1. Out of (1) under 35 Å from the mean Cα position of the chain (by Cα); (2) crowded, with 21+ Cβ neighbours inside 10 Å; (3) among the hydrophobic types (A, V, I, L, M, F, W, C), what's the single condition that is false for L64?
2. Just one of F90, F53, F39, F126 is farther than 16 Å from Y27 by Cα and of a type outside the set (A, V, I, L, M); which is it?
3. Looking at F486, F475, F453, F490 in this structure, which one is buried (at least 16 other Cβ atoms within 10 Å of the Cβ) and either in the same structural domain as A418 (by TED's automatic domain parsing) or within 13 Å of L313 (Cα to Cα) (or both)?
4. Restricting the range 129-145 to residues that are of a type in the set (A, V, I, L, M, F, W, C) and buried (at least 24 other Cβ atoms within 10 Å of the Cβ), which is farthest from A15 (Cα to Cα)?
5. Name the residue that is farthest from the chain's Cα centre (by Cα), counting only residues in the range 489-512 that are within 13 Å of I407 (Cα to Cα), modelled with pLDDT under 90 and hydrophobic (A, V, I, L, M, F, W, C).
6. Pick out the one residue from I343, I384 that is under 30 Å from K72 (Cα atoms) and buried (at least 24 other Cβ atoms within 10 Å of the Cβ).
7. For the range 187-194, check the following and say yes or no: at least one residue is among the polar types (S, T, N, Q) and not in a helix (DSSP H, G or I).
8. Take the residues in the range 533-589 that are in contact with a helix residue (DSSP H, G or I) (Cβ under 8 Å, 6 or more places away or on another chain) and among the hydroxyl-bearing types (S, T, Y); name whichever of them is nearest to F665 (Cα to Cα).
Amino acid sequence: MKKNYSFLLQIIVLAAFFLSGLSALVYEVVWMRMLTLTFGTTVFAVSAVLSAFMAGLAIGSYSLGSVVDRAKNPLKLYILLELGIGIYGFFTPLLFKHLDKIYLPFVNIMPESFYLLSIVRFFLAFSVILVGTALMGGTLPALSKFYIKSIEDAGKGAGRLYGINTIGAVFGSILAGFALIPYIGVKETLYTAVVVNLLIAGFLLILLSKFKNYTVVSVVRKKNISPQASITSQQKFVLAAFALSGFTALAYEVVWTRALSLIIGSSVYAFTTMLFTFLLGIALGSFIMSALMEKARGREYLLFAIIEAGIALAVLFVAAFTGKLPMLFFWMAQVVPKNFFGIQVVQIGISFIMMLPATLLMGALFPLVLKMYADAIDKVGREIAHVYASNTVGTILGAFSAGFIFIPLFGSETTLKALTCVNVLIAAFFFLNYAELSVRNKKAFAGSIAALFLIINLIIPKWNPMHMNSNLPNFIKIIAEKPSLFIDRFLKGSEPVYVNEDVWGNILVYKFFDGSINLNVNGHGEGGTYKMDMPVQIELAALPSLLHPNPEKALLVGLGAGITLGALEQMQGIKEIDCVEISGGVVKANSYFAPYNNNALSDKRLNLVIDDARHYLNRTEKKYDLIINGPSYSWISGASNIFTLEYLKLAREHLNNDGIMAMWFHLYNMMPSGIESFLRTVSEVFPQTTVWFSSSGGEFIIIGSNKKISVDYARLVSRLNDSNVKSELGRVNLLQPESIIGSYLMGEDLLARRVKNAPLNTDNRPYLEFFIPRHLYQWDILNNVKSLIGERMAVTVPIEGASYRQGILTYYPYIGIKSSSQGWQSESSYLNIFSFFSPQGSEREMSTRESIPRITFRTDAFIFELRAIAVQGMISDLKTTLRDATGNLDQDFKRGSFDGNALMWTELKQGNGSAYFMTWSCKQNKMQYLGRVYAPSGKLSKFDSALFEIDKRLDCYMP
């Protein structure tokens, strides 16, 4: 009976340690998120917090090891540790809340230095999480002392505990990343971990009282060595080797994470996938070695050498194929379902291929090393603590060295090769000194490993920078439907101009298939001269500058390709610009964009700051007339922090009374609820929020202010006549005041009705970061626009200094149907809807154009444009009509939206010739209007019927 109870108790203890690992990983994830809100999301800040966490584990393990050996009841000690972790975890949000009061004043008196600031961050983070992490570090030695029956079972028992705890961490990462944080919130996730720790302690405490006679497992000692016995030189070598192995393990993880973030993306789910893959390999390796421990008896040193060599070879084999993994992702993405689950299968598959072979071997080392190191049951707690702490110290140094030294100096590929040399040297040392083989066999084996290692190193191909930075997860829909287009344009049709890796990440400047020069940072487009990207980059600077009565001081968040900065410098009245950019590598890459951004970095009004935007705003007292948010990827981990309610409130505190904040947002890779969530979040902070379409076609710009925003027509005309402004806006054909006014979509009244039920995006409930990645495979711009417009009948733009219908310009939603063709010889076809707008004091109608331009096309395609009013969701009717009339409607509508309304593009191959383009006028007879849309070739029979059917469904409403 006693044996049965002992066995049951051990099973319960293993289950408890599984839950302990789960809660520990949840703490790590949550504490990291909370602390980086104070310290920033720079690589220096994140590394400081992670190092502080791991240092706490090492100190706790090392310092509590001897306490464990002196404990009369190690299970009771373990219960106290779990209880302490839960209690301390409960109070950490309160501690973090007051951290700002210590950190920010200290930072403000410090000289500017990334490394000095990182030291301060490390010690502050270390001070607030030390107690919790130290208690976590002591759990393994304490439970091992209870669980291990004899010194012969030390490696097997500790390996089993280590494995089950790591499996718990695997589930913790999955729960935190996929379920808890997105559905209940960050703090609530923390308190869930607290409850888990308290339940573990409470349940085991009850068990301890019920089964007092079985809670101390009887042990059989192999040796009775005093705890004070000195460590042998052989044991020291084992600890040093395991520390070096930990060094390489975390360094590998840093490199793998960088490479994988380029291939599978940098969403929170991608990083969660990388983390649980790494931990899963460690856990499985520990389990496997624990099960095989008996077969390794007497050959531990030889096996250690083989595993170290195996790690090196596994890393090199995978590195040889890493350059091909983007294409594997490409082909897998075409096979799996085009939904969140399907894409996760691809991400997990790629992560397994890269990480699992080596991590399985890494995980096998812990039980093996403990078997090699431990020599007495009465000091097993201390010995496990020494082994665990030495490895943890190595991991801290490895992560730091890889991110801050090796990758910036040598790049990821060379860093991988150099790290494998460390594993091979460890293997060689133990193989030659401790393996029980003949000298001849030692030499043969060592020579074989060295030769294979050298050959693989020499034949590993260079990773293709265009493939590695192709941002595949953002183009799932295109990959699935038009794979050849993606290959021709993004992979074969583009070439790298500048490639660099530094502490901030991967920087790529490349020449696109159309000749444009563009910037990718960590695989994501951050601006450039591509024709579909230029308008929004310029409009983001122009629109707030034109709307503000007197913009003098501006803050730009994010440098990108410098196009927005260069445009801002051309705006009238700007006297001072602060630009906050998180990546020094982006600054270096900007030299390639100087010819296209007005040599923006050389402007004397510019103050360039390398920092995280939230961190900068927290530590400065400056106020601005304009704050412009350059980044648009609201779902990327780290960048997502500047799209939350708390960040917007922080930005509002740094605006002058009449200040304006401008942001832009995607219509692609997006679901309507994501757009509505961000719009509601902005409108919660800024009572006067307006939304404007960008002529780029796939984005819109949000203007937020505390004061009502209106368009001063006379001031707008005056500023547009400024030579610098005219030159800059002429690059994207925004020279007319109607072009600016025509981009207005909605104001605060309509916006409040449209988004009132949308979820807020907050630090605690980061809706955008967790839910947008689930819809990255979508590219439905048209439906996103339609969801915003709804069934509205009209939009009123407040205009000062103009008279038409009591000085208020009112216009209506419409559908612009525009065919597309590669045969355009001119791109001057964009006309405005405002042919009936006139300035105050004049009764004469002002046409958008003095004359209608004639545009010639290639002979193999006929193109026409119709601008018409669409009422109450007529989009589907228009699509049906065109399809019925022409029989040739392209289902894949190319994106586009301009003049504040939805744009639907389709291709109609119906002849050749030239066409006149007209602007819709409600004062013009509709049949006359339709009669003036023609082609000289006269092949209009099908178009006539199509236009007639459209006309029957439309009406022209006037105020």
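The values are calculated or read from the model by the stated rules, or taken from the named source; none is laboratory data. Keep in mind that what you see is a predicted model, and the values were worked out from it rather than measured. In this analysis, Cβ positions are derived from the backbone assuming ideal geometry, glycine residues included, and neighbour counts consider all displayed protein chains.
1. Going through (1) under 35 Å from the mean Cα position of the chain (by Cα); (2) crowded, with 21+ Cβ neighbours inside 10 Å; (3) among the hydrophobic types (A, V, I, L, M, F, W, C) one by one, L64 breaks only (1).
2. Only one candidate qualifies: F39.
3. After applying the criteria, what remains is F453.
4. I129
5. V503
6. Only one candidate qualifies: I384.
7. So in the range 187-194, the residues among the polar types (S, T, N, Q) come out as 189, 192.
This time we only want the ones that are not in a helix (DSSP H, G or I), so: none.
No: the range 187-194 contains no residue that is among the polar types (S, T, N, Q) and not in a helix (DSSP H, G or I).
8. T564
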